[in-house]
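Worksheet for the structure shown next.
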Amino acid sequence: MMAKIPKFKARPLNKKILEAPTLSGLPRSAPHLPEFQEFHLETMARANQNAETSTVASTESAQNHQIKSSEELEKEALEKAPKFKARPLNKKIFESKGDLGMFCNTKRHITIPQEFHFATDERIPPPVTVADLFDKLSLNSEPHHDKQLPRNTKPNPFNLHTEDRGTEKERKFVMEVMQKQLEDERARIPKANPYPYTTDYPLIPPKPEPKQSTKPEAFPARESGEA
């Protein structure tokens, strides 16, 4: 088994490798230490600025209070006070029926119910008795005027086109149902197929013409030796 393993054989050295110049290493920069900077918030800067302005304003106000007299302070307070502005006069004050300046609403009276009368009662007079007719009789002739009594209005029937269309549609539907029932009843009754045309009038095919019978004829026979 060991004899079959291939033996290791080194290749010859290339002399050009030894003759090549040596490469210098990469230059390395010296590391610098980081410089830390102080972090300032803008809110702190605004707070310091407001504090400075407030202190300046407080000092100025203190100086002004010390310098100004009480009369000047009263004048400034009167100038800063809101000015009075009168509202427009309400004219209903003069229209009031009570004390001046107090508007009183008029009291409404109680509604009195009234009897309801139909117009037909006024148009048609009550029936006249015979005694009243005798009282009206007189010897003097009076002009006679034919006056027709008004009669009660009778409402006429009012038909809508929608009702007419509905009745027409219902009538058509009933007719279709009846027609369908008749067709179903006719379909239930069995019907036989009619006889063909040949059964009523039998068609007899024509007979062929008779042919003459075949007559045998003699024919000469040949011998095999002669052939």
| request: Measure off 7 Å from each Cα along the Cα-to-Cβ vector at Ile5 and Lys180, then give the distance between these two points in nanometres to one decimal. | output: 10.4
| task | Pop out the ³J(HN,Hα) list for the range 154-165 in order, Karplus 6.51 cos²θ - 1.76 cosθ + 1.60 with θ = phi - 60°, rounded to Hz; leave Gly and Pro as x. | result | 9, x, 7, x, 10, 10, 8, 5, 5, 5, 4, 5
| Simple spin-label model, 7 Å along Cα-to-Cβ: Asn156 to Asn50 in nm? | 9.0
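Each reported figure results from applying straightforward, stated rules to the coordinates on display, with no laboratory input. Quantities reported herein were computed from a predicted structural model and do not represent experimental measurements. A quick note on method: Cβ atoms are made from the backbone with ideal geometry, for glycine too, and the neighbour counts reach across all protein chains shown.
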